[in-house]
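Single-structure report; data block below.
Each reported figure results from applying straightforward, stated rules to the coordinates on display, with no laboratory input. Owing to the predicted nature of the structure, the values given are computational and were not obtained by experimental measurement. Ideal geometry is used to build each Cβ from the backbone, glycine not excepted, and the neighbour counts take in all protein chains shown.
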């Protein structure tokens, strides 16, 4: 039996959001009110990811004074530069930036600023790919990105473009080792309708910001809208999943084939991985899988991709 990280690792899961805005850029609430809202909602950490452009005077929110033994913050921003396939600005969330990170240069592209952020030690994520209408060429261009947003609450609530799984799976099928994170991108312009809808559970020894950041970069997290994944284990050719009560447990790979257990309030499943290659048409076994669980209200949780040949 092989227990799969991060569930097999020491430490505990910390709930956090790395993409949210305040009045330092285009959010409706000042930083202290945003942070208080997330604390009241039961979060363990938060990053204010303000729009890093000249219009807002290149803000990186210094939220260190809000750190305590029970809540912490990451320093970062949402970086922008030209240009995506559609001719728009890139939206790149970088967690763990230094406060003196230099503004974007006149000739700096999105991939350029992403690489510069990564060189500082930041966790780099592709923001809301569906809202931005990113193509596979865009995904390839951001080759330095550690992760992409599999779910974005604000984009889902406002324009039904919150799901980034299409780009994630295409990149995985090309062999790209990239993780998937859920965020809010909350602006609080209409109350809290765009807040508290998607987050990461990061496995780390403590709430120390550097340990949270290291765990994000290592992929030691899963994402959720509410359901909880408790354990992932591979035994022979079966993937064992234990979780909070849900209606569906699915194992998704790089083809149309999936493994699914459906029922009422199920909290575990053992699914045979060789069945991912069984079909009436020839199918090459996928080298990766990921787990999705869905509860009675349609809320989901997503594991990071599991590369089967690396276990």
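How far is helix 209-218 tilted off the main Cα axis of the chain, in degrees rounded to 10, range 0 to 90?
So the inclination is approximately 40 degrees.
Relative contact order for the chain using alpha-carbon pairs under 8 Å, separation at least 6, rounded to a whole percent?
16 percent
In terms of the ratio Rg/(2.2 N^0.38 Å) built on C-alpha atoms, what value belongs to the stretch 68-109?
Ratio of Cα Rg to 2.2 N^0.38 Å: 1.51.
Most exposed first by the Cβ proxy, i.e. fewest other Cβ within 10 Å, how do 308, 171 rank?
By the 10 Å Cβ count, ascending: 308, 171.
Distance from a point 7 Å along Cα→Cβ of residue 133 to each backbone N in the stretch 80-122: keep the residues under 20 Å and list them by number.
80-92, 110-111
Between residue 177 and residue 266, how many nm apart are label points set 7 Å from Cα along the C-beta direction?
Distance between the two pseudo-spin positions: 3.2 nm.
Looking only at 260, 233, 284, which one moves most when the chain is put into a Gaussian network model with springs between Cα atoms under 10 Å?
284
Over the stretch 145-302, what portion of Cα pair distances is larger than 24 Å, expressed as a whole percent?
Summing the P(r) tail past 24 Å for the stretch 145-302 gives 39 percent.
Mind computing the radius of gyration and Dmax over the alpha-carbon atoms of the stretch 1-98? Å is fine for both.
15.9, 54
Over the stretch 131-229, what number does the Rg to Rh ratio reach, with both radii from the alpha-carbon atoms and Rh per Kirkwood?
Radius of gyration over Kirkwood radius for the stretch 131-229 works out to 0.99.
At R0 = 51 Å, how high is the FRET efficiency between residue 1 and residue 106 if r is their beta carbon distance? Nearest 0.05 is fine.
Approximately 0.40, to the nearest 0.05.
If you take the Cα atoms of the stretch 229-310, find Rg, then find the Kirkwood Rh from the mean of 1/r over all pairs, what is Rg/Rh?
Rounded to two decimals, Rg/Rh equals 0.96.
Give me the number: length gained by fully extending residue 283 to residue 62, i.e. 0.36 nm times residue separation minus the C-alpha to C-alpha distance, one decimal in nm.
74.5 nm
Compute the long axis of helix 31-40 from its Cα atoms, compare it with the longest principal axis of the Cα atoms of the chain, and write down the angle in degrees, 0 to 90, nearest 10.
The two axes meet at around 30 degrees.
Can you pull the one-decimal nm distance between simple spin-label points at residue 160 and residue 256, each 7 Å off the Cα toward Cβ?
Rounded to a tenth, the inter-label distance reads 2.3 nm.
Please order 280, 199, 14 by the number of other Cβ within 10 Å, starting at the fewest.
If I rank by nearby Cβ atoms, fewest first, I get 280, 14, 199.
As a check on your grasp of the helix formula, calculate [θ] at 222 nm for the chain: sum -39500 (n - 2.57) over DSSP H runs of n ≥ 4, divide by the residue count, round to the nearest 500.
Only helices count here, giving -4500 deg cm²/dmol.
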